[in-house]
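S.K.: Below is one structure. I have some questions about it.
The values are calculated or read from the model by the stated rules, or taken from the named source; none is laboratory data. Please read all numbers here as calculations on a predicted model, not as lab measurements. Please note: Cβ atoms are built from the backbone with ideal geometry, for glycine as well, and neighbour counts cover all protein chains shown. Note: areas computed on protein heavy atoms with side chains; ligands, DNA, RNA excluded. Shrake-Rupley method; radii C 1.70, N 1.55, O 1.52, S 1.80 Å.
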Amino acid sequence: MKPLPAPLTFAEGQRYIYGLLAAAAGVFCGACAVAMVALLMWGGWSRSEEHSIVIIFGWSLGGFIVAMIVVIVGLLTGGPVGRFKVAATRDGASLETEARP
């Protein structure tokens, strides 16, 4: 695999850093979600604690998923994408992205 070319402008460098941050955020939240599921499955919880633990972990896992979406979309909006446009018409819904000039 050949390496990526060096950024020629400051904006390209920023886009590269935002891309790396978005990827790292996704990997971190995904790893936390996997760790929570593993802890839930093999945690050795007693029968009396299971219901409370499942509720706590379920809400926490939902929080990780929401955080992952918010952070990645926020980084991409501030970085390489720049603008999202959502439209809903009778013909259907559309999502457009526009890069900053």
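S.K.: Among Leu39, Leu61, which is the only one that is open to solvent by 80 Å² or more (accessible area, probe 1.4 Å), touching a residue at least 12 places away in the same chain (Cβ under 8 Å) and out of contact with any Cys (no Cβ under 8 Å at 6 or more places or on another chain)?
M.R.: Leu39
S.K.: Could you list, in sequence order, the residues of the stretch 1-33 that are under 15 Å from Ile65 (Cβ atoms) and surrounded by 12 or more Cβ atoms within 10 Å (Cβ to Cβ)?
M.R.: Across the stretch 1-33, the qualifying residues are Ala25, Gly26, Phe28, Cys29, Gly30, Cys32, Ala33.
S.K.: Pull out all pairs, ordered by first then second residue, where Cβ-Cβ is under 7 Å, the residues are six or more apart or on different chains, the first lies in the stretch 78-101 and is within 21 Å of Leu20 (Cβ to Cβ), and the second is modelled with pLDDT under 65 and hydrophobic (A, V, I, L, M, F, W, C).
M.R.: Thr97/Val81; Ala99/Val81
S.K.: Under 6 Å between Cβ atoms, at least 6 apart or on separate chains: pull out the pairs that start in the stretch 5-23 with a residue that is without any contact (Cβ under 8 Å) to a residue 24 or more places away in the chain and end on any residue that is assigned to a helix (DSSP H, G or I).
M.R.: Pro7/Gly13; Pro7/Tyr16
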